[in-house]
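Heads up: the structure comes next, in structure tokens.
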């Protein structure tokens, strides 16, 4: 069993949102390589950990030179892993963490990773798949979306075949390929943490407007968007002003704004319909609104001029909703 330790003179970028989740706790990025997908029968042959120490990235890889060395590997891993409060993975809640915990117990090692101390980036990506406009949630797909192009040429399945070849031949070049695959997985996962910034930017609609000489910035959070019956609700946060709270009711909309805290709420009346391709949709009808709305539908569908599609099935049509929201807010602020 061998422990390979590498240091890279750079820091791990952590967004402000992720900092709140981690709460200044020690964390590491984790990825495992096994001889198969069955945790009962397939041992772990490589664990990679990445963490920051003394303002630089540290990468530790615990490598079993033979299948029989799994227990030694896990014992060495335990000594290092027990120092961390959080484990960041990609699909780790489903695969890596349960696999490690089972193999630890199988080898009578008194340690396990608590599921409450894990952060699975795949879950974050899946939740925002439509917002990110991803065709799928595969790791390499997400990496490409963020402009990450790695050199790694093998898959996890190929890594298994290579490991068995290494056991027989003890070819150091094969070992290097296996280690490089795992190394790249954890190193580029550290770069993937910027996904929080990307999601935050995509999920935030910024509106700059003016009220009685006051410049006001409003940030709407698309994650707060909810449709209950025929009412669409979205929450926002504005600049704080020392003026009375504002409540306004229109024909098919209303909004409330607590100026002292900046909390903002907008309700719109929307309608459910069926598109030509038989997909369900949610739409806004300009004819039902007393505001002068010039926004037009930008989808490929041929809809009447008064209709603006908001959702196609469950997917928000941001290119329609964002300009509509901005126009409604600016219209309201011009009359209150």
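The values are calculated or read from the model by the stated rules, or taken from the named source; none is laboratory data. Because the structure is predicted, anything quoted here is derived from the model rather than measured. Note: ideal-geometry Cβ built from the backbone for every residue, glycine included; neighbour counts use all protein chains shown.
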* **the range 1-36, residues that are out of contact with any strand residue (DSSP E or B) (no Cβ under 8 Å at 6 or more places or on another chain), in a loop (DSSP other than H, G, I, E, B) and in contact (Cβ under 8 Å) with a residue 12 or more places away in the chain** => 13, 14, 15, 36
* **Among (1) surrounded by 16 or more Cβ atoms within 10 Å (Cβ to Cβ); (2) farther than 17 Å from residue 33 by Cβ; (3) touching a helix residue (DSSP H, G or I) at 6+ places or on another chain (Cβ under 7 Å) - the single one residue 111 does not satisfy** => (1)
* Asked: With respect to residue 310, is the statement that it is closer than 20 Å to residue 229 by Cβ, in contact with a helix residue (DSSP H, G or I) (Cβ under 9 Å, 6 or more places away or on another chain), modelled with pLDDT of 95 or more and in a strand (DSSP E or B) true?
  -> yes
* Asked: Are there any pairs, at least 6 apart or on different chains, whose C-beta atoms fall under 6 Å, with the first in the range 70-93 and at positive phi and in the same structural domain as residue 139 (by TED's automatic domain parsing) and the second buried (at least 16 other Cβ atoms within 10 Å of the Cβ) and outside any strand (DSSP E or B), and if so, which?
  -> 91/122
* To do: Would you check if there is a residue in the range 238-260 being within 30 Å of residue 119 (Cβ to Cβ), assigned to a strand (DSSP E or B) and assigned by TED's automatic domain parsing to the domain that holds residue 326?
  => no
* Asked: Pick from 272, 322: which is modelled with pLDDT of 95 or more and surrounded by fewer than 16 Cβ atoms within 10 Å (Cβ to Cβ)?
  -> 272
* Structure fact -> With criteria (1) in a strand (DSSP E or B); (2) in contact (Cβ under 8 Å) with a residue 60 or more places away in the chain, residue 329 comes up short on (1)
* Residues of the range 71-97 being in contact with a helix residue (DSSP H, G or I) (Cβ under 7 Å, 6 or more places away or on another chain) and in a helix (DSSP H, G or I), which ones? -> 74, 97
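Residues that are within 17 Å of residue 91 (Cα to Cα) and without any contact (Cβ under 8 Å) to a residue 12 or more places away in the chain: which helices (runs of 4 or more DSSP H) entirely in the range 132-199 hold 2 or more of them?
139-145
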* To do: From the list 196, 183, pick out the single residue that is buried (at least 19 other Cβ atoms within 10 Å of the Cβ) and touching a strand residue (DSSP E or B) at 6+ places or on another chain (Cβ under 7 Å).
  => 183
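Could you check the range 226-242 and list, in sequence order, the residues that are surrounded by fewer than 18 Cβ atoms within 10 Å (Cβ to Cβ) and touching a strand residue (DSSP E or B) at 6+ places or on another chain (Cβ under 8 Å)?
Once the filter is applied, which keeps residues that are surrounded by fewer than 18 Cβ atoms within 10 Å (Cβ to Cβ) and touching a strand residue (DSSP E or B) at 6+ places or on another chain (Cβ under 8 Å), the range 226-242 yields 226, 227, 230, 231, 233, 235, 237, 239, 241.
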* Asked: Can you name every residue in the range 204-225 that is outside any strand (DSSP E or B), surrounded by 12 or more Cβ atoms within 10 Å (Cβ to Cβ) and either free of Cβ contacts under 8 Å to residues at least 24 places away in the same chain or out of contact with any helix residue (DSSP H, G or I) (no Cβ under 6 Å at 6 or more places or on another chain) (or both)?
  -> 223, 224, 225
* To do: Look through 277, 217, 226, 267 and report the one residue that is within 30 Å of the chain's Cα centre (by Cα), farther than 15 Å from residue 329 by Cβ, assigned by TED's automatic domain parsing to the domain that holds residue 331 and modelled with pLDDT of 90 or more.
  => 226
* Out of curiosity, is residue 145 closer than 21 Å to residue 32 by Cα, surrounded by fewer than 17 Cβ atoms within 10 Å (Cβ to Cβ) and under 25 Å from the mean Cα position of the chain (by Cα)? -> no
